[in-house]
Amino acid sequence: MIRSPFLAAAALALLTSSVEAADTKVSWRPAEPRVGDVALLDVHGPADGATVEGVVAGRPVTFYRDGRGYAALVGFDMELAAGRQAWRIGIREPGRPARSLSGTVQLGGREFPVQRLTLPAPMVDLDPETERRAVAEGRTLRSLYRTITPERLWRGPFARPVATNEPGTGFGSRRIINGQPRAPHSGTDYSAPTGTPVVSVNDGRVALVAEHFFPGRLVVVDHGLGLHTLYFHLDETRVEIGDRVVRGQPLGTVGSTGRATGPHLHFGVQVGAARIDPERLLTLPMRD
Ligand SMILES: [Zn+2]
């Protein structure tokens, strides 16, 4: 017999992906997220002016007010192990004692293909100076992704970054380049001719415009609350750091700068440190 409502909620969560306790309901969109997914954690019940905080899989998540309650965007990194992931939510409302809810979400597994690539040796076996440059650039990007702008800048659904109909390819591929295992492919590639416009997938602020060894000419857009979108291998860029951009606004054009075998857009999505499947962001049902 479980007497504590919190423990009852946790026990219930073992059986379902949503938890209802007293006047608060917690649920996931999608209900059964998989490795590499971005998901929304919905909390219904707390009144306007409540403070909602949460931790999922050991990492803090940031809640915002949406059409029907509170929601947080949660990224499940492409290399996270499938299985149960714990969550905990704390709610403070004026005039009421603070309360907390906890449970688990079943994270589904996903098979990623192995991709074998042959590239010119100087793009793979780097000389020490280039190696140092690439490592420093990687570090710069990772620390940028961990920057959490406290305000939500995106609104509504996400648009495609290029005006083509072909699906993006290659997310999560375990790459073997010139016979050596390398970091998995953390974005999706859209092949398109050089000069094809690349647009921001939603409203945000340009966090970085740079030229890096592997990504080539790149733009990073900060959409707030830890969500960043990345546009690599650009031929030209048309924005500057600090610019406010809106959904569909051109950021630059498709190219093949950096380590690219031909003209394409490499499009990446980060939710904090989590590398997630961009296609899952583009199809996420938004409620405002
Ligand atoms: Zn790519």
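Read-outs: derived from the displayed coordinates by stated rules, not from any lab. Computed from a predicted model, the values in this text were never measured in an experiment. As a convention, Cβ positions derive from the backbone with ideal geometry for all residues, glycine included, and neighbour counts pool all protein chains shown.
General remarks:
- Distant-in-sequence amide contacts of D243, defined by a placed amide H-H separation under 5 Å and a gap of 5 or more residues or a different chain, comprise V206.
- Computed over the chain, the ratio Rg/Rh where both radii use C-alpha atoms and Rh is Kirkwood: 1.01
- Highest-MSF residue in the chain out of G170, G67, G45 [GNM, Cα springs under 10 Å]: G67
- Between amide H atoms placed 1.01 Å from N, distances below 5 Å from H212 occur with R217, L218, all of them 5 or more places distant or on a separate chain.
- Quarter of Cα convex hull surface for segment 210-288, i.e. mean projection, nm²: 5.8
- R0 of 25 Å, Cβ-Cβ distance A159-L208: FRET efficiency to nearest 0.05: 0.80
- Helix 128-145 axis, angle to the chain major axis (alpha carbon atoms, nearest 10°): 30
- When both bridge partners sit in segment 64-188, DSSP labels roughly 75% of those beta bridges antiparallel.
- Available extension along the chain between D23 and L126 is 31.3 nm, counting 0.36 nm per residue and deducting the alpha carbon span.
- Peptide packing: for 278-287, 146-155, 200-209, the average count of neighbouring Cβ atoms within 10 Å per residue gives the ranking 200-209, 278-287, 146-155, highest mean first.
- Note on A136 and A183: the model spin-label points, each 7 Å out from Cα along the C-beta direction, lie 1.7 nm apart.
- Cα→Cβ-extended label distance, 7 Å offset, between E236 and I148, nm: 3.9
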